[in-house]
Amino acid sequence: MKNLLTLVCLAWCATAALAQTLTADNVTNNGGYGEKNLRKAPRKVYIASFRTYFQVLASAEASSIGGSFKNNTKTSMVVGLKGADSPDFIEVTNALYKKFTDALKEKGFEILTTDDAAKSEQYKDWIRKEGGEVSYAQIPGYVSATPTGYSYFVKKETKEGREKGAFLDKSTKISRDLDGAIIIDVTFAFPFVDMKTASSNLAGFSSVKAKIDFELGAAYGQDGAIPLGAPTQLKFVSSEGMGKDAILLVKLKGDSFDIETPVFKDKKFKEFNAAMTDYRPEYSRLFWKEEQQVKVSHHAECDNTLYKQETLRVASEFMDEALKIFYSNALR
């Protein structure tokens, strides 16, 4: 932890000319209400969730349907992250959690434990989970991580490991059960690639393009027909009773912030297939077997040190701005 923070401080100096700093202009706190009521809350907080999402895989597929003189085409691309792995994701997450909790303690906030939160009726029969692990089950294509030494509650967990909370947010009720303590939810997400497809039945082609677009933004995925999403944000909620709720939601302005430092080696990938006429030999047609489609076809190679440095840097800058807004509303 200490080594990573030291590394980042030294590396920031070396890359300052390349990196764009995330400032107050890049965040917004629209979407909440009664924010000033946070001043009535005790200086006690419970961190109900703290999770980071790192994109590691992205896929896309395009196809065209041939006619009398052209064959069908099918183009697939699977881009995988190379150069950073689970231990790196845990390392960054732990550093962010320490920075966050240290900042709150400096301002005099007491951080309630999961044992304290268990007193809330809202958590009755919920599952207690221990942090410090990664999960591949939360959003397809993303590895999510929770801090080491941190524990939290989930309402239920699928057999695949996907965690689920309540259908309606219970933060205000949990706050009331904990004598008005401020309930905090923290999410960071790091997508790294943007994929686009194109095809034409008339021209007889299909293509997939991938562009490296490393950013602090939102994790999105699909589980069948169910959309899944986790935008970068910090949420602070307290309640002294009905009509006295406070909700402060700090998000990125424009939904994302580009990480411009050259973390990745390559910037673009492309696959293109043109239909061949029927007189060509059958073996000359390009096709994908079903079992091949899940294999990585392109590796997006990153610099491990820069990857950890920049994810920690931009998330820390966002966190600092979010806490400034929180303090301006919560401190008397």
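Quick notes on this structure:
- Within region 201-261, strands (runs of 3 or more DSSP E) holding 1 or more residues that are under 30 Å from Ile65 (Cα atoms) and in contact (Cβ under 8 Å) with a residue 60 or more places away in the chain: 205-212, 218-223
- Qualifying residue in region 49-58 (condition: of a type in the set (Phe, Trp, Tyr) and assigned to a loop (DSSP other than H, G, I, E, B)): no
- Subset of region 204-230 (residues that are surrounded by 16 or more Cβ atoms within 10 Å (Cβ to Cβ) and among the acidic types (Asp, Glu)): Asp213, Glu215
- Residue within region 231-251 that is over 25 Å from Asn94 (Cβ atoms), surrounded by fewer than 22 Cβ atoms within 10 Å (Cβ to Cβ), within 15 Å of the chain's Cα centre (by Cα) and at pLDDT below 95 present: no
- Scanning region 186-203 for residues that are more than 21 Å from Tyr136 (Cβ to Cβ) and crowded, with 19+ Cβ neighbours inside 10 Å yields a single hit, Ser199.
- Of the set (1) of a type outside the set (Asp, Glu); (2) part of a loop (DSSP other than H, G, I, E, B); (3) at pLDDT 95 or above, all apply to Tyr97 but (2).
- Number of residues in region 108-166 that are closer than 14 Å to Phe50 by Cα, of a type in the set (Asp, Glu) and part of a strand (DSSP E or B) equals 2.
- Conditions (1) acidic (Asp, Glu); (2) over 23 Å from Asp320 (Cβ atoms); (3) in contact (Cβ under 8 Å) with a residue 60 or more places away in the chain; (4) in contact with a helix residue (DSSP H, G or I) (Cβ under 9 Å, 6 or more places away or on another chain); number of the one not met by Asp177: (3)
- Among the residues making up region 22-70, those that are modelled with pLDDT under 85 and surrounded by fewer than 22 Cβ atoms within 10 Å (Cβ to Cβ) are Gly31, Ser59, Ala60, Glu61, Ser63, Ile65, Gly66, Gly67, Ser68, Phe69, Lys70.
The values are calculated or read from the model by the stated rules, or taken from the named source; none is laboratory data. Please read all numbers here as calculations on a predicted model, not as lab measurements. Heads up, the Cβs are rebuilt from the backbone with ideal geometry, glycines too, and the neighbour counts pull from every protein chain shown.
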